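A quick write-up on the structure given underneath.
The values are calculated or read from the model by the stated rules, or taken from the named source; none is laboratory data. Note that this is a predicted model, so its numbers are computed, not measured. Methodologically, a virtual Cβ is constructed for each residue, glycine included, from the backbone with ideal geometry; neighbour enumeration extends over all protein chains shown.
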Amino acid sequence: MPIFGLTSQILLMFILMFIGFCINKLNYFHEITVTDLTKVLLTIIGPSLIITAFEKPFSVERVHLLIVGMLAVTVAYIIQILITKFFSLMYVTKI
């Protein structure tokens, strides 16, 4: 995404937050309405935005990157487990 597109999206998000702040200060909505809108936002709109953001066309390069990422995470977990075992053995032998 070009820097202008990213900047405009961030600016739009801050404008929407400012509008929401003003509406809240003016007590335009009742407290129950705010609670219901929050539930809709968190249970329907949020997950649907996440799904559409990750919806990309299939390509072999993406599968390759996915496999490389999975291998990197697996190696990182194995290293973390080994480091934890090493330090736990050091701690046990000191006591």
Self-check item: Residues of segment 57-93 satisfying the condition of being aromatic (Phe, Trp, Tyr) and either at pLDDT below 95 or in contact with a His (Cβ under 7 Å, 6 or more places away or on another chain) (or both)
Solution: Phe58, Phe86, Phe87, Tyr91
Exercise. May I ask you to verify whether Lys39 is assigned to a helix (DSSP H, G or I), under 25 Å from Gln9 (Cα atoms) and basic (Lys, Arg)?
Key: yes
Practice problem: Considering only residues that are exposed (fewer than 10 other Cβ atoms within 10 Å of the Cβ) and of a type in the set (Asp, Glu), look in segment 28-87 and name the one that is farthest from Met17 (Cα to Cα). | Solution: Glu61
